[in-house]
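Below is one structure; the comments refer to it alone.
The values are calculated or read from the model by the stated rules, or taken from the named source; none is laboratory data. Please read all numbers here as calculations on a predicted model, not as lab measurements. All Cβ positions, glycine included, derive from the backbone under ideal geometry; neighbour counts span all protein chains shown. Calculation scope for accessible area: heavy atoms of the full protein, side chains included, ligands and nucleic acids excluded. Shrake-Rupley method; radii C 1.70, N 1.55, O 1.52, S 1.80 Å.
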Amino acid sequence: MTLISSTEMLQIARKNKYAVGAFNVHTLEMLQAVVEAAVQTDSPLIIQSTVGTVRHLGPDYIAEAAKVAADRTGLPIALHLDHCTDFSTIVQCIRAGYTSVMIDASMFAFEENVERTLKVMEIALAAGVNVEAELGKVGGVEDDIVVAEHEALLADPDDCRLFIERTGVHTLAPAIGTAHGIYKGEPNIDFNRIAKIAELVDVPLVLHGGSGIPAEQVKKAVALGMSKMNVATELRIAFSNAIKDVFAANREESDPRKYMVPAKEAVKQLVMEKMELCGCIGKAGDLR
């Protein structure tokens with residue numbers, strides 16, 4: 001099976017009231033780990049990379065690795081560019097083989113957000129690529145995008161409805177109280193806002209800032225209409241901590257395989273936990 005657009009994947013998830021896990025990877029080993037988790041659980045999968053990782057590895061390297069994963073496993077796998085503000089980078093990733101892209105123009109006024117999203121929609125529709133956009137401002141840090149807590153802004157449900165009508169965007173990430181990074185306290189998620197937005201729009205909704213949200217809150221957000229959950233920071237921490245543990249036990253270790261294997265396993269186990277929270281385990285067959 002080749003890489004697929006996440007459009008149908010997320011529409012099915014919304015219809016059946018589960019979410020697809022979307023996992024940011026930064027190395028080949030992390031990509032392999034999330035794929036192995038999907039294979040073991042028979043789950044649909046969205047592999048994500050940030051703009052920083054695209055610069056670090058190159059979109060063609062990432063896309064080819066993801067294509068190999070899809071071909072070898074036969075699983076429904078999409079490859080998504082996360083939180084991109086630059087049109088040329090989006091074009092570059094689509095040309096490389098990405099099947100989903102996020103245009104993040106949430107820092108602009110509503111009309112400019114619409115305009116920038118429409119520009120991406122024009123090229124994405126021709127390529128059969130899913131487009132995700134954001135309304136409101138999700139707090140925290142995502143690569144070069146920094147939104148201070150006092151600058152975070154929740155999405156207005158009526159604006160969400162109008163935004164979908166104006167742009168036709170495939171998926172929407174409304175700011176509902178989550179944040180990128182690890183929470184210092186319990187997240188203040190506006191569940192009533194999720195329910196209202198889901199009632200007003202017919203596209204899948206995306207839960208950003210999925211690292212560290214308590215399990216019951218994740219399940220509630222999914223039940224109310226979140227069809228995709230992004231996880232990044234927790235994966236990086238699990239991966240890095242496993243490597244640190246190897247060196248703590250043996251400071252002279254020099255074989256990358258000796259520390260990459262446990263790092264992969266740590267990510268794999270965490271991804272399977274997140275997939276269970278999303279309710280997508282065993283759902284790969286929905287797209288076969």
Helical contribution to [θ] at 222 nm, DSSP H n ≥ 4, -39,500 (n - 2.57), averaged over the chain, rounded to 500: -16000 deg cm²/dmol
Net charge of Cβ neighbours under 14 Å - reference residue 79; Lys, Arg +1; Asp, Glu -1: -2
Full-extension gain in nm, residue 127 to residue 2, via 0.36 nm per residue minus C-alpha separation: 43.5 nm
Cα-centre dipole for the chain with unit charges at Cβ (Lys and Arg positive, Asp and Glu negative), debye to 20: 680 debye
List 88, 49, ordered by accessible area with a 1.4 Å probe, largest first: 88, 49
FRET efficiency for residue 108 and residue 188, using Cβ-Cβ distance with R0 set to 35 Å, rounded to 0.05: 0.90
Set 196/220; 119/196; 17/196 screened for pairs whose C-alpha atoms are more than 22 Å apart: 119/196
Dipole magnitude of segment 31-106 about its Cα centre (Cβ charges: Lys, Arg +1; Asp, Glu -1), debye to nearest 20: 120 debye
Residues with amide H under 5 Å from that of residue 154, placed H, sequence gap 5 or more: 137
Inter-site label distance for residue 40 and residue 219 at 7 Å from Cα along Cβ, in nm: 2.2 nm
Within-14-Å neighbourhood charge of residue 15 [Cβ basis; K, R +1; D, E -1]: +1
Efficiency of FRET between residue 258 and residue 28 - r from beta-carbon atoms, R0 25 angstrom, step 0.05: 0.95
Environment charge of residue 60, counting only residues whose C-beta is closer than 12 Å and scoring Lys/Arg +1, Asp/Glu -1: +1
Whole-Hz ³J(HN,Hα) from phi, Karplus 6.51 cos²θ - 1.76 cosθ + 1.60, for segment 119-128, glycine and proline x: 4, 6, 4, 4, 7, 5, 4, 5, 9, x
Within straight-line cross-link reach of residue 67, lysines at Cα separation under 24 Å, skipping those fewer than 8 residues along the same chain: 228, 264, 268, 274, 283
Karplus-derived HN-Hα couplings along segment 241-258 (A = 6.51, B = -1.76, C = 1.60, θ = phi - 60°), whole Hz, x at Gly and Pro: 5, 5, 5, 4, 5, 4, 6, 5, 7, 8, 5, 8, 4, 10, 9, x, 5, 6
Between 0 and 90°, nearest 10: helix 6-15 axis offset from the chain longest Cα axis: 70 degrees
Solvent-accessible area per residue for the chain (1.4 angstrom probe, square angstrom): 44 Å²
